[in-house]
1. Give the shape of the chain as rounded, prolate or oblate, defined through the alpha-carbon gyration tensor: a ≥ b ≥ c are the square roots of its eigenvalues, a/c under 1.5 means rounded, and otherwise the shape is prolate if a/b is larger than b/c and oblate if not.
2. Students often get this wrong, so check it: of K219/K255; K153/K187; K151/K219; K123/K151, which have C-alpha atoms separated by over 18 Å?
3. Could you give me the ³J(HN,Hα) list for region 111-120, computed from phi with Karplus coefficients 6.51, -1.76, 1.60 and θ = phi - 60°, whole Hz, x at Gly and Pro?
4. What are the ³J(HN,Hα) couplings of region 183-197, residue after residue, when phi is run through the Karplus curve with 6.51, -1.76, 1.60 and θ = phi - 60°? Round to Hz, x for glycine and proline.
5. Just the accessible area per residue of region 1-76, please: how many Å² with a 1.4 Å probe?
6. Mind listing the phi-derived Karplus ³J(HN,Hα) values for region 155-171, rounded to whole Hz, using 6.51, -1.76 and 1.60 with θ = phi - 60°, and x for any glycine or proline?
7. Over the Cα atoms of region 1-92, what Rg and Dmax result, in angstrom?
8. What shape does region 131-257 take by its C-alpha gyration tensor, where a ≥ b ≥ c are the square roots of the eigenvalues and a/c under 1.5 counts as rounded, a/b above b/c as prolate, and the rest as oblate?
Amino acid sequence: MNTRQQQLDAFNRLLDIMDDLRQKCPWDKKQTLQSLRHLTIEETYELGDAILDNDLQEIKKELGDILLHIVFYAKIGSETEDFDIGDVANEICEKLIHRHPHIYGDVVVENEEEVKQNWEKLKLKEGKKSVLEGVPKSLPALVKASRIQDKVKGVGFDWEEPHQVWDKVQEEIEEFQDEVKKGDQDKIEAEFGDVIFSMINYARFLNINPEDALERTNKKFIKRFMYLESKASELGKPLADMTLAEMDVFWNEAKKL
């Protein structure tokens, strides 16, 4: 592993390279905060994939890509004299110190939950009108629901026992089924959203990350379906020409692998 000085030297090297690219590379010179945004989101998802796959080498690579983006944004900020990488680092340092009074102050906490509750209370003292202000509007709905529930839990708005949440799930499912019978598409969609939201809440009580859980299922389905496709190809028979019974044979084989 690298020493602290070697780590700092590596970071300085990245800053120097960023300076060169911004001055000399036609593509890098053209970039703006806005043009980089969608690329940063893509890199973040790629990091998420690597983490789910537990591919440590790929995680290292994707972290580098995200670090480059952070340095890139800071470089652009320095050109307009709004902020530089030092401002970015100092800002997060000050926030971490302020938000951890149990480390840098005289506050005593007993567990992780008290840390999270203090964190949300401090954010309100900083001038935020709602604990939900910190939930990005552009988050995917599934992730956003998880963050919303985490936020309100931090100020004590939560169920007391898992069975209460499961009762709520069942209640929402019944309401959804009632609307399905009535056939009002708008109400069906609304109730379906309630079912998903309540399931995400229940997952939280079981210490399950719903995003990770769903992505595991996605990956499992993709793997099994690609196995089915490969078997159909071996038979020289398009999937569209196979019966469901024929497909099930290979699907069940895939499940056993």
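1. Taking the square roots of the gyration eigenvalues as a ≥ b ≥ c, the chain is oblate.
2. Too far apart for the 18 Å limit: K153/K187; K151/K219.
3. 7, 4, 5, 5, 4, 5, 5, 4, 4, 5
4. x, 7, 4, 5, 6, 4, 5, 4, 5, 5, x, 5, 4, 5, 4
5. 73 Å²
6. Running phi through 6.51 cos²θ - 1.76 cosθ + 1.60 with θ = phi - 60° gives 10, x, 8, 7, 6, 8, 10, x, 5, 5, 5, 5, 4, 5, 4, 5, 4 Hz.
7. Radius of gyration, then largest Cα-Cα span, for region 1-92: 14.2, 40 Å.
8. Prolate is the answer for region 131-257, as a/c is 1.5 or above and a/b outweighs b/c.
The values are calculated or read from the model by the stated rules, or taken from the named source; none is laboratory data. What you see is a predicted model, and the numbers here were worked out from it, not measured in a lab. Accessible surface areas use protein heavy atoms only, side chains included; no ligands, DNA or RNA. Shrake-Rupley method; radii C 1.70, N 1.55, O 1.52, S 1.80 Å.
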